[in-house]
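The values are calculated or read from the model by the stated rules, or taken from the named source; none is laboratory data. Computed from a predicted model, the values in this text were never measured in an experiment. So basically every Cβ, Gly included, is an ideal-geometry build from the backbone, and we count neighbours across all protein chains shown. With ligands, DNA and RNA removed, areas are computed over all heavy atoms of the protein, side chains included. Shrake-Rupley method; radii C 1.70, N 1.55, O 1.52, S 1.80 Å.
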Amino acid sequence: MMRLSPFFALLGCALSAVAAPSAPTAAAALPTSTAKVSGLHALAKQAGKLYFGTATDNGELTNQPYVAVLNNGQMFGQITAANSMKWDATEPEQGVFTFTQGDQIAALAQPMGRLLRGHNCVWHSQLPSWVTSSNFNAAQLTSVIQNHCGTLVGHYKGKTYAWDVVNEPFNDDGTFQSNVFFNTLGQNFIPIALKAARAADPNAKLYINEFNIEGTGAKATAMKNLVKSLKAQGVPIDGVGLQSHFIVGEVPTTLVENMREFTALGIEVAITELDIRMTLPETAALLEQQQKDYQTVVAACQAVPGCVGITLWDFTDEFSWVPGTFPNMGAACPWDANLVRKPGFDGIVAGF
Ligand code: XIL
């Protein structure tokens, strides 16, 4: 299947009529965006949001056409490092910090006055083996977390709008994920990380980020209870990140209600890792549904004043994490692998 912009679709049709009757015709072409807007971040700002942004990764920054879209400040007013601020990237050996790659991503935000979201301090994944295999006792692991979060957040002090201080603490049933942090410290690892982050950069918003909490349910309830308990203990917590890795046709119907319940706790929410995947191959029908789904998600954030912004988990299918993670799935982003805007782009525009 080919995706053709209207001009090339017409040209392809004409050519196939004249020269190559067996070549693919416009009938096989997939629909593309028709929206005429200067940029999604510009739209988000007009709509009263702080930002519309994207994740990006170091290896992608040699692709000039990609970087041209990435560095359009009207399009993206916020940047997240998809990998290079994670624990394995920043403290691969105990006490040895490497910020070169993270700094390269931070530098994409700074000169243009774009916002940076730090991602992330404490997560059970992409963790170097020295953290998991050293059999640290509670006191030792506490100081390991304090040193990691303090140094990482401190390095970017004054440069980050927000930090995902804790990533993915829960199982889908709302119980805590079994990992070195929870198994050694119980849920105390969360206040330990949040307090270290606050001390390192008092002005950064401190978030807990999670997936499958975008709609109401056991996991979202567990997160709300955690936020309540942190607030009751005087632990700093400013926001909850709704990752929003959705499937076409399966966006939760309770987005708005759920976001309102979170913001009623006195915190903000953000859509931090939006993509909407489908089982391949792409079809016109799936792309139309994806357009509606993007619109639904953006409109939900728009409907809730405490939803501050939206971040795509990269903007092009070329660099999406989806095909490498979910077998037979992909096409999750609003730009296709050739940087042609898809109907999903128009869904985002319509949502604001
Ligand atoms: C993903 C990255 O995009 C991939 O490149 C990497 O191989 C694995 O991690 N939830 C998160 C992100 O919080 O950090 C994950 O990012 C995607 C799921």
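Quick look at the values:
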{"item": "Between the stretch 68-91 and the stretch 139-193, the Cα center-to-center distance that results, in Å", "result": "21 Å"}
{"item": "For the chain, accessible area per residue (1.4 Å probe, heavy atoms of protein chains only), Å²", "result": "40 Å²"}
{"item": "Accessible-area ranking of Ser84, Ser129, largest first, probe 1.4 Å", "result": "Ser129, Ser84"}
{"item": "Probe 1.4 Å - accessible area at Phe326, Å² to nearest ten", "result": "50 Å²"}
{"item": "Computed accessible area, Thr151, all protein chains, 1.4 angstrom probe, square angstrom", "result": "50 Å²"}
{"item": "Carbon and sulfur %, accessible surface of the chain computed with the full protein complex present, 1.4 Å", "result": "54 percent"}
{"item": "Relative contact order (%) - criterion: Cα under 8 Å, at least six apart; region: the stretch 41-351", "result": "15 percent"}
{"item": "Whole-Hz ³J(HN,Hα) from phi, Karplus 6.51 cos²θ - 1.76 cosθ + 1.60, for the stretch 202-213, glycine and proline x", "result": "x, 9, 7, 6, 9, 10, 10, 10, 7, 10, 6, 10"}
{"item": "Rounded tilt (10° steps) of 6-18 against the dominant C-alpha axis of the chain", "result": "40 degrees"}
{"item": "DSSP bridge pairs, the stretch 41-351: antiparallel proportion in percent, nearest 5", "result": "10 percent"}
{"item": "Accessible-area value, Tyr161, 1.4 Å probe, nucleic acids and ligands omitted, Å²", "result": "40 Å²"}
{"item": "Helix axis angle, 284-303 relative to the chain longest principal axis, alpha carbon, degrees", "result": "40 degrees"}
{"item": "All lysines inside 22 Å of Lys157 as judged from Cα atoms, apart from same-chain residues fewer than 8 positions distant", "result": "Lys86, Lys195, Lys205"}
{"item": "For the chain, size of Cβ-based charge dipole, Lys and Arg +1, Asp and Glu -1, in debye", "result": "860 debye"}
{"item": "C-alpha long axis of helix 189-200 to longest principal axis of the chain, angle in °", "result": "90 degrees"}
{"item": "Top positive-direction residue, dipole computed over the stretch 41-351 with Cβ charges, set Trp130, Ala299, Ser143", "result": "Ser143"}
